[in-house]
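As structure tokens, the structure follows; a few thoughts come after it.
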Amino acid sequence: MARLEVNRSGELEVFVRVIESGGFSAAARAFGMTPSAVSKLVARLEQRLGTRLVNRSTRQLQLTPEGCVFYERGVRILADLEEAEHCASTHTAPRGRLRVNANVPFGHHFLLPLAPAFLASHPDVTLDIVLTDAVIDILEQRTDVAVRAGPMKDSNLVARKLGGTRMQIVGAPSYLARHGMPTTPQELQHHNRLGANYARAQPGWPLRHAGEDTVLPIIGNAQASDGEALRQLALAGLGLARLAAFQVREDVAAGRLLPVLEDCNPGDIEEVHAVYVGQGGYLPLRVRAFLDFLVQTVDLGKH
């Protein structure tokens, strides 16, 4: 059968309804078909794909691993198709579910505080926010936009730069009272240096002293999975941490954390990007609206 002769969107819609309604009979009633016709449609779909999507029994249907992937992608494709038709016919506002992944510090200090303003401007959009400092597979996690900090690796993703932030070494007054304020990178070697255990974490702290650049290894008695957890450990007086300036701005202003070796800070900037899948293809209006919102409202330059 030629590719264009297959109503793939129709097959996909029926398959999704079969799964969501729990069987062929309920899906058949929704589409005005017979259960036998729906069953044969799913069988033809499996034959064309060359894999089993559902395991059939007398009581229920159970998705196979391949069926789970096909169903999850199918739901998203149908939602995007509905939005595309809606936008083309009415030229109205963005709508639908928007799944956003962000590193934890950016999420706490920017994304979550800004979410109400975005949703107020786009009431037909539903935000689905996941915060993690791990680098995820956008397609596998069905993510529309991911916010990532640090150097961008070569990939097929499109990136929009949101800005950059300085990095600072900080410590709690209680910790520095016990161990002293270091004045040189050499003295820093005797301090508890808290590190991160996520994949994109830097292997050391860059420092500049007497015109020479060095990278001090991170050696401490605790690691954490995200920047906000490291901040909490530093606030608790466990050791020193190197964090984004926007994370600790309020803590430094309030005296809860003190900058360490600022005269040895090389001034390196950690860039932040919003990444998404979009080369040469249709970009859902909800995604475009969110990207524009981030670019307009996030100002890392102040931090």
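The values are calculated or read from the model by the stated rules, or taken from the named source; none is laboratory data. On a predicted model such as this, the values are computed, not experimentally measured, just so you know. Because the Cβ atoms are built from the backbone with ideal geometry, glycine has one as well, and the counts that use them run over all protein chains shown. Please note that ligands, DNA and RNA were not included when accessible areas were found on the heavy atoms of the full protein model with its side chains. Shrake-Rupley method; radii C 1.70, N 1.55, O 1.52, S 1.80 Å.
Please count how many residues of segment 152-177 are of a type in the set (A, V, I, L, M, F, W, C) and modelled with pLDDT of 95 or more.
5
When segment 121-152 is examined, which residues are found to be touching a helix residue (DSSP H, G or I) at 6+ places or on another chain (Cβ under 8 Å) and part of a strand (DSSP E or B)?
Val125, Leu127, Ile129, Leu131, Val145, Val147, Ala149
Going by what's in this entry, would Ser121 be described as modelled with pLDDT under 90 and among the hydroxyl-bearing types (Ser, Thr, Tyr)?
The answer is no for Ser121.
Residues that are of a type in the set (Lys, Arg) and in contact with a His (Cβ under 6 Å, 6 or more places away or on another chain): does segment 140-154 have at least one?
yes
Is it the case, given these coordinates, that Thr143 is among the hydroxyl-bearing types (Ser, Thr, Tyr), within 11 Å of the chain's Cα centre (by Cα) and closer than 30 Å to Leu12 by Cα?
The answer is yes for Thr143.
Can you tell me which residue is modelled with the lowest pLDDT among those in segment 252-303 that are surrounded by 15 or more Cβ atoms within 10 Å (Cβ to Cβ) and of a type in the set (Gly, Ala, Ser)?
The residue in question is Gly278.
What is the one condition in (1) farther than 19 Å from Glu270 by Cα; (2) touching a residue at least 60 places away in the same chain (Cβ under 8 Å); (3) under 17 Å from the mean Cα position of the chain (by Cα); (4) open to solvent by 30 Å² or more (accessible area, probe 1.4 Å) that Ile138 does not satisfy?
Against the list (1) farther than 19 Å from Glu270 by Cα; (2) touching a residue at least 60 places away in the same chain (Cβ under 8 Å); (3) under 17 Å from the mean Cα position of the chain (by Cα); (4) open to solvent by 30 Å² or more (accessible area, probe 1.4 Å), Ile138 comes up short only on (4).
Just give me the residues in segment 109-135 being within 11 Å of the chain's Cα centre (by Cα) and open to solvent by 80 Å² or more (accessible area, probe 1.4 Å), in sequence order.
Within segment 109-135, Val135 is the sole residue that qualifies.
Could you say which residue among Pro182, Pro173, Pro203 is within 26 Å of Asp133 (Cβ to Cβ) and touching a residue at least 12 places away in the same chain (Cβ under 8 Å)?
Pro203
Scan segment 232-243 and tell me whether some residue there is basic (Lys, Arg), in contact (Cβ under 8 Å) with a residue 40 or more places away in the chain and over 24 Å from Arg160 (Cβ atoms).
Yes: one or more hits.
Just give me the residues in segment 156-175 being out of contact with any helix residue (DSSP H, G or I) (no Cβ under 9 Å at 6 or more places or on another chain) and either under 17 Å from Leu243 (Cα atoms) or of a type in the set (Ser, Thr, Tyr) (or both), in sequence order.
Selection gives Pro173, Ser174.
Are there any strands (runs of 3 or more DSSP E) wholly within segment 153-251 with 1 or more residues that are surrounded by 16 or more Cβ atoms within 10 Å (Cβ to Cβ) and under 21 Å from the mean Cα position of the chain (by Cα), and if so which?
Where strands (runs of 3 or more DSSP E) fall fully within segment 153-251 and carry at least 1 residues being surrounded by 16 or more Cβ atoms within 10 Å (Cβ to Cβ) and under 21 Å from the mean Cα position of the chain (by Cα), they are 158-171, 241-244.
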